[in-house]
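Nothing in this text is a laboratory measurement; each read-out follows from the coordinates by a stated rule. Keep in mind it's a predicted model, so treat the numbers as computed, not measured. A quick note on method: Cβ atoms are made from the backbone with ideal geometry, for glycine too, and the neighbour counts reach across all protein chains shown.
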Amino acid sequence: MPTNTLNGHTFTVDDEGFFTDPDQWSPELAADMAELIGTELDDAHMAPLEFMRSDAAEHGATPTLRRMHATGGFDIKELYRLYPGKPVKKMAWLAGLPKPTGCV
Amino acid sequence: MNTLLILGAGTAGTMAANLLRTKLGDDWSITIVDRDNEHHYQPGYLFVPFWMPEGRVVKERDAFLPDGVDFVQRDIARVHPDQRWVELADGQRLDYDWLVIASGSRPRPDLVPGMADGSLWRDKVHEFYTLEGSVALRDALADFHEGRLLVHFADQPIKCPVAPLEFTFLVEDKYRKAGLRHDVDITYVTPLDGAFTKPVASETLGDLLRQRSIRLAADFAVERIDNDTQHLVSWDGRELPFDLLVSIPPHTGAQFVMDSGLGDDLGFVPVDKHTLQAVDHERIFVLGDASDIPTSKAGSVAHFAAELFVDNFLAAVAGEPMPRSFDGHANCFVESGRNQALLLDFNYDTQPLTGTFPAAGVGPMRLLEPTRINHLGKLAFEQVYWRLLLPGKRLPVPANMSMAGKNEP
């Protein structure tokens, strides 16, 4: 497993840079990572990350966009505004979770 | 007298009935419930738009149920797990000691705005995950000779997640053979970031799409179908024009599962993925697509799981520890056109790999490679399904996946 180090934090990642151990995550680390993709983690940005982490901890899988909406109550358009392009992928990465592939 | 109740007489429920009737003694009654008496060979839906007669897909459910199993043809309203009884739509009450939920998954065109409620539904907007849809698509293809064709699926999980790709390869082949390929522009539209979820298979299948000049639109999270302008619209603002759209909608579990509060937000019942016992109800097991296990919703999975389920069920009934652990084994033939198919064999932990199957070096099937023998295997499976799989006979493939013959990445 490759290891990444950012501002003194060390964490293991998969080939695409997603965390392999959610326990190595911290909000501070997320803020540092967000800077790398030009995003500032304010409360609006943090809320979906926190939902993702608690939902993933409970269900063992990174939630999909549909689930973010249906269960988390997030507005999908708003998520695209906060995280343009590939919101779920960006959010999963920032939340220290595996890439949301759904199931095969 | 002990009572086993099975909800759903499809692939999983029928197998469970057949396997358990031989294992449970005369002191057990077995009742199976389904809303109608039509058992569909669902893999046939893929072929109906191209060549398979629609009547060939349907047989009577009760013809595949053993003696000693009561078949109740009725809609199910609700499960009352705490009092252990099932309420039917007409108010009738069925008590149980043990319950098997095998009510599958269902496509929900009502969940995509502009699909089921759009003016182009079953005209220029189609699916092939129901018999009605396959027949409508067959007729639409017969009239479609040029233009932009999109093949799309909305979100995971769907049944047989490779079927949209298979349809793409088959429809490409159809227009190539008809000499119309240059008039038909085909795009495969997926919410995934590639042709498939797992790297090795995604690369192989992506290569095939490129070789056949099929465009790939990836990371496409559908927002709606615009019927007026004929566009498929994504949340990030992409608008793909179409003259014919084949779109597989999101799936959920059965309505009664949702109404009973037994399902997750998509109506799939949370189970222990190794034993298939419901997480919150020890008297309930879930077989087939109805559970939330993280593998393909496919008949092969139901089959492999059924074998292990029986041993676990008997142990649970006897109050003993469950002896078997399911690994999520799935085995899928993927039609790739040109009378060829690929074979995928994988489980919870191992992605589809290249190699030979079922025997190392010998095969005769080759994994993740288009071959004619894989295609013949796919066609032969129809008879295997009716004659061996449903009656619960053993197939020459182990229930848990084997690494024999597989090439490590």
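Charges at C-beta only: +1 for Lys and Arg, -1 for Asp and Glu. How large is the resulting dipole of region B:113-250 about its Cα centre, in Debye rounded to 20?
460
Separation of region B:1-65 and region B:263-300 by C-alpha centroid, Å?
About 18 Å separates the Cα centre of region B:1-65 from the one of region B:263-300.
Per residue, how big is the convex hull around the C-alpha atoms of the protein assembly as shown? Give it to me in cubic angstrom, could you?
154
Quick one: in region B:113-250, what % of C-alpha pairs are over 25 Å apart?
Of all Cα-Cα distances in region B:113-250, 20 percent exceed 25 Å.
Given a cut-off of under 8 Å on Cα pairs at least six residues apart, what relative contact order in percent is computed for region B:227-282?
17
Using Cα atoms only, what is the angle between the long axis of helix A:43-59 and the major principal axis of chain A, expressed in degrees (0 to 90) to the nearest 10?
Here the helix axis deviates by roughly 90 degrees.
With only alpha-carbon atoms in the gyration tensor, what are the semi-axes of the equivalent ellipsoid for region A:3-94, in Å, largest first?
For region A:3-94, the semi-axes come out at 21, 16, 11 Å.
Compute the distance in nm between two label points, each set 7 Å from the Cα along the Cα-to-Cβ direction, one at A:Thr10 and one at B:Val397.
4.4
Of A:Lys90/B:Lys198; B:Lys124/B:Lys159; A:Lys77/B:Lys159; B:Lys59/B:Lys273, which pairs sit farther than 25 Å apart, going by alpha carbon to alpha carbon?
A:Lys77/B:Lys159; B:Lys59/B:Lys273
Place the peptides A:33-42, B:56-65, B:302-311 in order of packing, highest mean first, counting for every residue the other Cβ atoms within 10 Å and averaging per peptide.
Descending mean neighbour count gives B:302-311, B:56-65, A:33-42.
Run a plain Debye calculation on chain B (Cα atoms as equal point scatterers, no solvent) and give log10 I(q)/I(0) at q = 0.08 Å⁻¹, rounded to two decimals, same order as the q list.
For chain B, the Cα-only Debye profile gives -0.43.
Quick check: from the Cα gyration tensor, does region B:330-389 come out rounded (a/c under 1.5), prolate or oblate?
Oblate is the answer for region B:330-389, as a/c is 1.5 or above yet b/c matches or exceeds a/b.
Could you check the simple spin-label distance between B:Arg387 and B:Val58, using points 7 Å along Cα→Cβ, in nm with one decimal?
2.5
Charges at C-beta only: +1 for Lys and Arg, -1 for Asp and Glu. How large is the resulting dipole of chain B about its Cα centre, in Debye rounded to 20?
Charge dipole of chain B: 1420 debye, to the nearest 20.
Rg to Rh for region B:166-324: what is it, with Cα atoms only and Rh by Kirkwood?
Rg/Rh for region B:166-324 comes to 1.10.
Within a Cβ distance under 13 Å of B:Asp67, other residues only, what is the Lys/Arg minus Asp/Glu net charge?
Local charge sum for B:Asp67: -2.
With +1 on each Lys and Arg Cβ and -1 on each Asp and Glu Cβ, how big is the dipole of the protein assembly as shown about its Cα centre, in debye rounded to the nearest 20?
In debye, rounded to 20, the protein assembly as shown gives about 1840.
With unit charges on the beta carbon (Lys/Arg positive, Asp/Glu negative), name the residue among B:Ser103, B:His126, B:Pro49 whose Cα is farthest towards the positive pole of the charge dipole of the protein assembly as shown.
Highest projection toward the positive end goes to B:Pro49.
Give the separation of the Cα centroids, region A:15-76 to region B:339-400, in Å.
So the separation of the two Cα centres works out to 38 Å.
State, as an integer percentage, the relative contact order of chain B based on alpha-carbon contacts under 8 Å between residues 6 or more apart.
It comes to 16 percent, rounded to a whole number.
If I stretch the segment between B:His145 and B:His80 completely, what's the gain in nm (0.36 nm per residue apart, minus their alpha carbon distance), one decimal?
Full extension of this stretch gives 18.1 nm more.
In terms of Cα to Cα distance under 13 Å, which aspartates and glutamates are near enough to B:Lys393, apart from those fewer than 8 places away along the same chain?
Hits, sequence-local ones excluded: B:Glu307.
Please compute the contact order of region B:113-250 in relative form: average sequence separation of alpha-carbon pairs under 8 Å and at least six residues apart, divided by the residue count, as a percent.
Contact order relative to length: 35 percent.
Rounded to the nearest 0.05, what FRET efficiency is calculated for B:Ala218 and A:Ile37 with R0 set to 25 Å and r the Cβ-Cβ distance?
Approximately 0.85, to the nearest 0.05.
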